[in-house]
Amino acid sequence: MSTVIEESVPGAGPGAGGVPLQLSNIRKQFGGVVAIERFDLELRAGEIVALVGDNGAGKSTLVKIISGVYQPSEGELRMHGRPVSFRDASDARRQGVEVVYQDLALVDSQPVYMNMFLGRELTRGPLRLLDRRRMARETQELVDRLDVRIPSAKATIRELSGGQRQAVAICRATHWASSLVLMDEPTAALGVAETAKVEELIMRLRERGAAVLVVSHNLDQVFRIADRVTVLRRGRHIGTRDIAATTRNEIVSMITGA
Amino acid sequence: MTQADAALKARSGPRLRGFNWREYVVYIGFVVVFLFFAVTQGANGFLTTTNLTNIVIQTAPITVMAVGLVFVLSAGEIDLSIGSVVALSALIAAVTLRATDNMLYGAAAGLGAGALVGLVNGLFVTLVRLPSFLVTLATMGAVAGLAREVTGLQSVPVANDAFLSLFGQGDVFGIPGLVVWSIAAVVVGYVVLRQTRYGAHTLAVGDNIGAARVSGIKVARVKIMVLMGSAMCAALAGLLYAGRLQGARYTLGEADLMTVIAAVIVGGTSLFGGKGSIVGALLGSLLMGMLNNGLILAGLSVSQQMMARGAIILIAVSLSLREKRS
Ligand SMILES: Nc1ncnc2c1ncn2[C@@H]1O[C@H](COP(=O)(O)OP(=O)(O)OP(=O)(O)O)[C@@H](O)[C@H]1O
Ligand SMILES: [Mg+2]
């Protein structure tokens, strides 16, 4: 019985197993302020959904609800068909939600490999000492495979550029992601080349069958990488469109309400 | 060897980012101060083996406390109560020894008192969410009062031979016991900070607490642990004083807080969290010990020593503390 469930969970097949995340009727209130009114979305395996909206529309709030930072005031989250609730961010991460935060969440004074394994460090021997060699090697392998240009897996985060840091954060999500990755403005502070690199990493995640939710203010980017786009306006869920079946103008008017 | 191994080797060669001399302030300072006193106080016996050994012996309590404080600062907190804990632990151990004449009870009582103070500090920092600066400032005063209260300002002699031999006068294969305690504290501190998950989590909490939290690191537990560790190191320092001086008094450790903080900062540990060096703290402590010793040999009065030490510490700390301003 349990094996059947476990086998069907990460699968991309039909049925609930292929829906890493399902949000229904999500509502979030801070005191008297309603940040999210009512939000419904289904994220399927192997697709990128862009979440767009003006400043203060509620995008980060929604990401924080899915990643366990906030609890929804109302509504239901399901992962692979099963209802879930998260006590906090690390609980969500344990249950398979990987997040690339707007403010990075890297530890500056530590090497890349320690960040890759932050909170899940590998140890060896009866004294459970850190297995730095293995962490460095696995990180280097991953970085090489994803063709991320950093000096070394042993480089300190402080020595890296903004783009390199973002790439490290995404590598980390890639490494641990089982089926669902959330990204809050992953390219907000990046130059053209770095943005292209990060977009490539996001598309690789899709190839691997992950469901990706990307918050972005950049409509060019949305149309470049996303399969669907969903719009928030002042906490209201305006709608979701297939990229192939919509236009920039339609999305802009959904965002602005004009 | 895999390809990744080779790539790692090839790419992690020497860093050519320019010599960051601030990281080496403690080494440079150590050598400079040593040479200075060797030249000026050599005739007064600074360079004799006895004197140099004495420096290490007298510095042992500072070294032990410095190791504990490295963890606290690495986690982005501070512990101002350590000086008071020294006196409390020494007195409680001495009183317990007087009552029971049992070395284990005495040591356990002293260390237990330290653990308790550390726990109180930790709970106020994590549950009440007060800054550790305020919490430990308050407990510093309260614990100092308690230490005075325990014996009503009386000093208590220690006559238990086992205790004196373990914490003061004994030796291991000819190495003075206090030197062994210093080495042990440094080795344990180094391994825990560099080679365990707890050490990595401590540094992560001090570096980016949000990242630590979302990565599943138990931030509150880390903070309680570092504060308990530091208080227990201070308690151990109290035992070492009681062992060496064969007694305890409420003034023990009174002047140590500044010395320990200076030793740790000069040793390259960041006052803002995320970076800690145990070896640096050891050298910083020895530097402070050398300074004490040299100034006494130079014939400065106690008040002059205090001023000189303050000035030198200020210089050393400003040389090593430039990181966050760049
Ligand atoms: N912790 C909070 N307490 C109270 N109100 C909050 C809180 N977090 C967010 N809000 C409010 O909820 C609304 C949505 O904020 P949110 O950060 O989700 O916007 P956003 O879409 O991510 O904006 P941006 O594009 O600027 O990042 C805003 O009105 C904000 O003031
Ligand atoms: Mg936002």
Worksheet item: Picking from B:Gly177, B:Gly199, B:Gly168, which residue would you name as being within 14 Å of chain A (Cβ to nearest Cβ) and crowded, with 19+ Cβ neighbours inside 10 Å?
Response: B:Gly199
Worksheet item: What number goes with the only condition from (1) within 14 Å of chain B (Cβ to nearest Cβ); (2) open to solvent by less than 10 Å² (accessible area, probe 1.4 Å); (3) outside any loop (DSSP other than H, G, I, E, B) that A:Ala105 does not pass?
Response: (3)
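Quick check, is A:Arg87 under 22 Å from the mean Cα position of the chain (by Cα), part of a loop (DSSP other than H, G, I, E, B) and more than 8 Å from every other protein chain (Cβ to nearest Cβ)?
Values: under 22 Å from the mean Cα position of the chain (by Cα): yes; part of a loop (DSSP other than H, G, I, E, B): yes; more than 8 Å from every other protein chain (Cβ to nearest Cβ): yes.
For A:Arg87, the condition - under 22 Å from the mean Cα position of the chain (by Cα), part of a loop (DSSP other than H, G, I, E, B) and more than 8 Å from every other protein chain (Cβ to nearest Cβ) - is met.
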Worksheet, complete the sentence: Selection from the stretch B:276-297 of residues in contact with a Leu (Cβ under 8 Å, 6 or more places away or on another chain) and of a type in the set (A, V, I, L, M, F, W, C) yields B:Ile278, B:Ala281
Worksheet item: Quick check, is A:Glu76 in contact with a Phe, Trp or Tyr (Cβ under 8 Å, 6 or more places away or on another chain) and in a strand (DSSP E or B)?
Response: no
Worksheet item: What are the residue pairs meeting all of these: first residue in the stretch A:59-77, first residue within 13 Å of chain B (Cβ to nearest Cβ), second residue within 12 Å of ligand 1 (Cβ to nearest atom) and of a type in the set (Val, Ile, Thr), Cβ atoms under 7 Å, and 6 or more apart or on different chains?
Response: A:Val63/A:Val215; A:Tyr70/A:Thr61
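Condition check ((1) within 16 Å of ligand 2 (Cβ to nearest atom); (2) modelled with pLDDT under 95; (3) not assigned by TED's automatic domain parsing to the domain that holds A:Thr230) across all residues:
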position: A:Gly32; (1), (2), (3): no, yes, no
position: A:Ala35; (1), (2), (3): yes, yes, no
position: A:Ala45; (1), (2), (3): no, yes, no
position: A:Ile48; (1), (2), (3): no, no, no
position: A:Gly56; (1), (2), (3): yes, yes, no
position: A:Val69; (1), (2), (3): yes, yes, no
position: A:His80; (1), (2), (3): no, yes, no
Practice prompt. Could you please find all residues in the stretch A:118-139 being crowded, with 18+ Cβ neighbours inside 10 Å and more than 9 Å from chain B (Cβ to nearest Cβ)?
Written response: A:Met135
Worksheet item: Can you spot a residue in the stretch B:303-324 that is basic (Lys, Arg), at pLDDT 90 or above and not in a helix (DSSP H, G or I)?
Response: no
Worksheet item: A:Met114 passes all but one of (1) more than 8 Å from chain B (Cβ to nearest Cβ); (2) within 21 Å of B:Asp207 (Cα to Cα); (3) buried (at least 23 other Cβ atoms within 10 Å of the Cβ); which number fails?
Response: (1)
Worksheet entry | Test: residue in the stretch B:292-299 that is closer than 18 Å to B:Ala60 by Cβ and open to solvent by 70 Å² or more (accessible area, probe 1.4 Å) | yes
Fill in: Given (1) within 15 Å of ligand 1 (Cβ to nearest atom); (2) at positive phi, index of the condition A:Lys59 fails
(2)
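Matching residues to (1) of a type in the set (Asp, Glu); (2) touching a Phe, Trp or Tyr at 6+ places or on another chain (Cβ under 8 Å); (3) within 14 Å of chain B (Cβ to nearest Cβ); (4) within 16 Å of ligand 1 (Cβ to nearest atom):
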{"residue": "A:Ala189", "(1), (2), (3), (4)": "no, no, no, yes"}
{"residue": "A:Ala196", "(1), (2), (3), (4)": "no, no, no, no"}
{"residue": "A:Leu205", "(1), (2), (3), (4)": "no, no, no, no"}
{"residue": "A:Asp220", "(1), (2), (3), (4)": "yes, no, no, no"}
{"residue": "A:Ala226", "(1), (2), (3), (4)": "no, no, no, no"}
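More than 10 Å from chain A (Cβ to nearest Cβ) and surrounded by fewer than 23 Cβ atoms within 10 Å (Cβ to Cβ): is that true of B:Val214 in this structure?
On the way: more than 10 Å from chain A (Cβ to nearest Cβ): no; surrounded by fewer than 23 Cβ atoms within 10 Å (Cβ to Cβ): yes.
Against the criterion (more than 10 Å from chain A (Cβ to nearest Cβ) and surrounded by fewer than 23 Cβ atoms within 10 Å (Cβ to Cβ)), B:Val214 does not qualify.
Provide a single number: the residues in the stretch A:90-102 that are in a loop (DSSP other than H, G, I, E, B) and either open to solvent by less than 10 Å² (accessible area, probe 1.4 Å) or away from ligand 2 (no atom under 16 Å from the Cβ) (or both).
We begin by selecting, within the stretch A:90-102, every residue in a loop (DSSP other than H, G, I, E, B); these are A:95-96, A:101-102.
Cutting the leftovers down to either open to solvent by less than 10 Å² (accessible area, probe 1.4 Å) or away from ligand 2 (no atom under 16 Å from the Cβ) (or both) gives us A:95-96.
The number of residues fulfilling the criteria is 2.
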Worksheet entry | Among (1) surrounded by fewer than 18 Cβ atoms within 10 Å (Cβ to Cβ); (2) free of Cβ contacts under 8 Å to residues at least 60 places away in the same chain; (3) not charged (D, E, K, R) - the single one A:Met254 does not satisfy | (1)
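The values are calculated or read from the model by the stated rules, or taken from the named source; none is laboratory data. The shown structure was predicted, so the numbers you read here are calculated from the model rather than taken from an experiment. Reconstructed Cβ throughout: ideal geometry from the backbone, glycine too, with neighbour counts over all protein chains shown. Heads up: the accessible areas ignore ligands, DNA and RNA and are worked out on the full protein's heavy atoms, side chains in. Shrake-Rupley method; radii C 1.70, N 1.55, O 1.52, S 1.80 Å.
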